[in-house]
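The values are calculated or read from the model by the stated rules, or taken from the named source; none is laboratory data. These numbers come from a predicted model, not from an experiment. Because the Cβ atoms are built from the backbone with ideal geometry, glycine has one as well, and the counts that use them run over all protein chains shown. These accessible areas exclude ligands, DNA and RNA; they are computed on the full protein's heavy atoms, side chains included. Shrake-Rupley method; radii C 1.70, N 1.55, O 1.52, S 1.80 Å.
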Amino acid sequence: TSAQLEELPRGRDAIANEIARFLSAGGNLTRLTEALRDRWRILPVDGFVREDVDVTVEGTTDILFSLSLEEGGFFLIVGCQDRAYRVIHQVIFPQLDAPQVLFAEDMNVTLSPEIVVTGRSCLNNDQNLCQYQTYILTWDANLGRMVNLLNTPLLTDELPQIVDSDNDLVDEILVQLDNIGDINTGPLRTGRQIYDWNGSTYVLSIVELD
């Protein structure tokens, strides 16, 4: 293929669009991955490029990118529609760490995968005041776009866990509350919170304090 990736553009929208343009022009994913790592230097060791999830449930796998930009950790989904690649969704996280995907399967028996993606968010860039910022993303065929099944991004001290805690075939989000508090927060209760599917979104349903 003669498709060429341009020099690194400014800003996440331009970067996402250039990735989609390169793939639409017949660009090879292996070459793209090498260029993101070696030329653009936005694919760190803890980042990834993966092509194993059919996000939009139309029969072809989409491409998930976990990158690190000047703006922060960058999660990008690019998919092929009408014989061209287009940007399906993007999330920017405040810290530079590459985002993590905690889960990429059907969580709530709606026959489409949920992408649970998390990144770091630190108050005033203080590495001692960091939390995980988590989204549950899924394709809404009626809207023709991705939606977040949490009304607001979930901020937690520990990584959330995805478990079917009550054996109802629907996965819940389990958040451990292990922080006993410090001089800034005062004493905090420990225990756990469970976010459950209510048919349209994930909501806090159980709080079990120690």
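The residue of region 18-34 that is most open to solvent (accessible area, probe 1.4 Å), among those that are touching a strand residue (DSSP E or B) at 6+ places or on another chain (Cβ under 8 Å) and among the hydroxyl-bearing types (Ser, Thr, Tyr), is Ser24.
If you check Leu64, Leu69, Leu29 for being more than 26 Å from Arg120 (Cβ to Cβ) and touching a residue at least 24 places away in the same chain (Cβ under 8 Å), only one passes: Leu29. The set of residues from region 103-136 being open to solvent by 30 Å² or more (accessible area, probe 1.4 Å), in contact (Cβ under 8 Å) with a residue 40 or more places away in the chain and closer than 14 Å to Gly73 by Cβ comprises Arg120, Tyr135. Number of residues in region 77-134 that are in a loop (DSSP other than H, G, I, E, B) and among the acidic types (Asp, Glu) equals 4.
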